[in-house]
Amino acid sequence: MRANIRKVARFFVAGFVVIILILTNLTVIKRERLMASPYNKHRLSGWDTQSHRGGIYDYRGEVLAVTDNKSRRRHYPRGKTMAPVLGYLDPNIGAAGLEARYSAELGGWPSFWAALGFGLPLTPVGEDLILTVNANLQQLAMDCLAGYHGAAVVLDPRTGAVLALASQPSFDPEHIAQEWGNVYQDAASPLLNRAVQGLYPPGSILKLLTMASALSQKPDLATRLYNCSGTAYGIRCSEPHGELDLVTALAVSCNTVFAELGVELGNGILAQQAKRIWFNRSIPFELPLAVSLFSSGQADDNETAQRAIGQGQIVVTPMQMALLTAAIAGEGVIWQPYLVQERHLAGRVFVQTKPRKLASFISPAVATALTEAMIEVSERGTGTGMFLPGVKVAGKTGTAENPHGAPHAWYVGFAPADNPRVVVTVLVENAGSGAAAALPLARQLLGLALEEVS
Amino acid sequence: MTQSRRLEGSLLFKAFILGWLSFFLSWVAAPVWEPQALAYPVVVSAALLAVHLCLKKVGSVADQLLLPLTAVPLFLSVAILYRLERSKAFWQVIWILLGLAVLLVFQFIPNIRKWRSYWALLLLLGLVWLASTLIWGVEVHGSKVWLELGPVRLQPSEPAKILFALALAGYLSNRKELLYVRYWRLGRLKLPHLVYIGPLVVVLILTLLLTVIQRDLGTGLLLFGVFICELYVAAPRWDYLALGLGFLGASSIIGYRLFHHVRVRFDIWLSPWEYAHGQGYQLVQSLLATSAGGLFGAGLGRGWPQLIPAVATDLTFVAWSEETGLAGAIALILVYMLLIERGLKAAASSDDDFLCLAGVGISSLFALQSIVIIGGALRLLPLTGVTLPLFNYGGSSLVSSLAAIGFLLRLSDEGRPDAG
């Protein structure tokens, strides 16, 4: 019987070894990710009481969040404006936004220190965060959207740096505790960060993806002529456009041509191209970014046609559309978006973020062709309202039908078209046409962004 | 004929230092000034010392590592409970005293080999204990597994598990040759002869049914595990093992189909984050707390384990893990592994089949219980309300576990007359 006992003992040892491996995985490998979980917010704010929390600054050093020396209260000088980026922090409610994501670092627990599991902060004063965000641009974005439900994202297509990330309605992080009851129950969901968590039908701005698929995979489809009779696959145009090429079709946002193009490409090619811009995948970002979905289900011709014009089973976040546009502006390269430029410890640069290539979306040649078509949108198409003195803008409007009322207005674009420095994405919920409701806001944003960003 | 037992004494002394230090840390971190609480570890030490001296006095040659290895989780549980819920630490000390008294009683029982003949009585006792809650039980958290005796609440499944392990050892030691030699052939599979295994299976099914009715799945799982372990040691046949595992699989599927609460447990286990706001809250918070510990933990009294529901009664290990980190958690697991190893060793070196199987049963119970609850807290297994022996808060569990340790001590004493 002794040999049997030994076997039983081995089985138990195996069980304990598995437990130790799981423990190691949780405490070392997965720790950083788990600690950022929204379900960990009470622990995070608890940790916060043990040191003097670091401040958060915009790219040129303007104070966005700072903890008072005496009262230990957190101040947010820009109030509601920065809420979509910073989130909030309260010992009873918890934390969200960058306050949650960088809670350990702000509290003086840099990740290597935290990974060692020390119960006390490394430094009595936490790290300071220097963001990529431009506070003036953010202010303008929030002001433009005030009164609407919507979102705006401004990116630098050369790096992925986020210059502004706006979502309205918003909340005041400084008084979140007093207003929590209202904010939490408000039907307008001010706590929802629409730029990264809102999922919307993309409407016509998705034609950029359809066109990118054609240019990359079936170039002959992209160069031939089409004939718009006003209706195809149950999809209508406001008027029959007659004979036209794809560039003009994008400029006037012709639905039937893109429906036909989509069907000729087939759902498979569209889905494949969507995958290349990271649809159905979680894109690494410092704020919780919802996954944009291009339905994996089979599609008949009608559904494929709907998808090709952005009305089928597709939902996107404004950030996702910003990345798509940035990839076109940036010669086909997708840069990982980021908000924190530098982390300072005791006044010195401690960590500096290097731009990271996520993947390649399209070839530089295809990107150039798409840019030309998007310039055409601004010069002769639906986006003629986008006029900036002395600067060529490449853009695309979108008007997304949805079951909740008036269409969502979209605009995506970048400037200068020949050497892009800024990418703008604007979404206004239920505001009507993209050209009328989203484009004017985008124009203001682009105007200021070009002045501010060199 | 006194024995020196110097190893036990010196190891116990080291456990005392560990216990006092950890309690002191917990005490310092407490928000209130309660100097009388400093007596807790002293009282526990005194009781352990008394047990040690008694063992010396009666000339026991029992394993000298068992008592110190038992002392470590006892001390640490008082320390962590003091930090979680101070009143529970007080009661835990009371239960420890009671449990150590029971442990000591076992050392004066003259001939425990004879218990082999009383297996039916032990089994009956266990079943009566289990069934008693059906009639007099009170419901807590959806499980009807408690008996109320005046101010004290008992969980009869705790002693029942140990009685069951002993009864099984008695039964199997009387029939192990028969189980091994006589069988039915069913194709390539060799099935045990119904005459020999029949009563056992009936009793097992009866017991499992009881735990299902009482919604105490953890206990059911443990009893089944102990059954498999003892059967394997007595009659090491892969056929039986396969049969047992098949039975386990089938009953899990049936349980999943039939019972809503089983389904809920499984669903939470498979995707806890989907239920993180509701029924998966405890598991998610347990994972987060474990993870928060990092390598060396937040320090006793400096973590936030109180965010986990029922942390003191179910997930004390997770609190320990958050506050002492991976290092502390592994250290505690090693203590349990050593304790189980000593139990199995005592079983293996015993010259009596019954004692050997009883040792295996009790050690397996400890091992399975530890794996099931720690594994449950870490999502290796579905989370059940099983206690971590000697560490969780709870009188029934603690007294029963200490009684089981008492039996192991006595077993290693009686089974090893040559040692000294």
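Bear in mind that the values in this text are calculations on the coordinates, not laboratory data. Because the structure is a prediction, the values reported are computed rather than measured. Positions of Cβ are backbone-derived with ideal geometry, glycine not excepted, and every protein chain shown enters the neighbour counts.
Assorted remarks:
- Spacing of the two label points (7 Å from each Cα toward its C-beta) at residue A:199 and residue A:177, in nm: 3.5
- Helix A:2-24 axis, angle to chain A major axis (alpha carbon atoms, nearest 10°): 60
- Neighbour net charge for residue A:384 - beta-carbon separation under 12 angstrom, K R +1, D E -1: 0
- Amide N of region A:410-454 lying under 17 Å from the label point, which is placed 7 angstrom from the Cα of residue A:402 along Cα→Cβ: A:410-412, A:425-439
- Taking a span of 24 Å or more along the helix axis (Cα atoms) and a mean Kyte-Doolittle hydropathy of at least 1.0 as the rule, the DSSP H helices of chain B that qualify are B:6-29, B:39-57, B:66-84, B:86-106, B:119-136, B:194-213, B:217-234, B:316-348, B:353-377.
- C-alpha center-to-center spacing [region A:347-391, region A:1-80] in angstrom: 37
- Once you reduce region B:77-113 and region A:174-217 to the center of their Cα atoms, the two points are 58 Å from each other.
- Normalised by the number of residues in region A:336-450, the mean separation of alpha-carbon contacts (under 8 Å, six or more apart) gives a relative contact order of 18 percent.
- In the structure shown, the pairs A:7/B:176; A:80/A:275; A:7/A:30; A:218/A:396; A:275/A:357 are assessed against 25 Å; a Cα-Cα span above that value is assigned to A:80/A:275; A:7/A:30.
- The distance from the alpha carbon centre of region B:274-352 to that of region A:298-343 is 44 Å, rounded to a whole number.
- Qualifying chymotrypsin sites (Phe, Trp or Tyr not before Pro) for region B:220-276 [loop in DSSP, other Cβ within 10 Å: at most 12]: none
- A cut-off of 5 Å between modelled amide H atoms, ignoring neighbours fewer than 5 places along the same chain, links residue A:338 with A:161, A:162.
- Per-residue 3J(HN,Hα) values for region B:380-387, derived from phi via the Karplus relation 6.51 cos²θ - 1.76 cosθ + 1.60 with θ = phi - 60°, read 6, 10, x, 6, 10, x, 7, 8 Hz in sequence order (x marks Gly and Pro).
- Helix-only arithmetic for chain B: the sum of -39500 (n - 2.57) across DSSP H runs with n ≥ 4, divided by the residue total, places the mean residue ellipticity at 222 nm at -23500 deg cm²/dmol.
- Tilt relative to chain A, helix A:267-276 - C-alpha long axis, 0 to 90 degrees, to 10: 40
- Nearest-ten-degree value, helix A:135-145 long axis tilted from longest Cα axis of chain A: 60
- Rounded FRET efficiency, nearest 0.05, which uses the C-beta distance separating residue B:252 from residue B:310 and R0 of 30 Å: 0.80
- Electrostatic tally near residue A:81: other residues with Cβ closer than 12 Å to its Cβ, Lys and Arg +1, Asp and Glu -1, net -3.
- Using C-alpha pairs under 8 Å with a sequence gap of at least 6, the mean separation divided by the residue count of chain A gives a relative contact order of 15 percent.
- Of all aspartates and glutamates in the structure, the ones whose alpha carbon falls short of 18 Å from that of residue B:14, not counting any fewer than 8 places away in one chain, are B:63.
- When the chymotrypsin sites (Phe, Trp or Tyr not before Pro) in region B:1-71 are filtered for DSSP coil states and for at most 11 other beta-carbon atoms within 10 Å of their beta-carbon, the remaining sites are B:33.
- 5 angstrom amide H check on residue A:402, placed H, neighbours 5+ away: A:408
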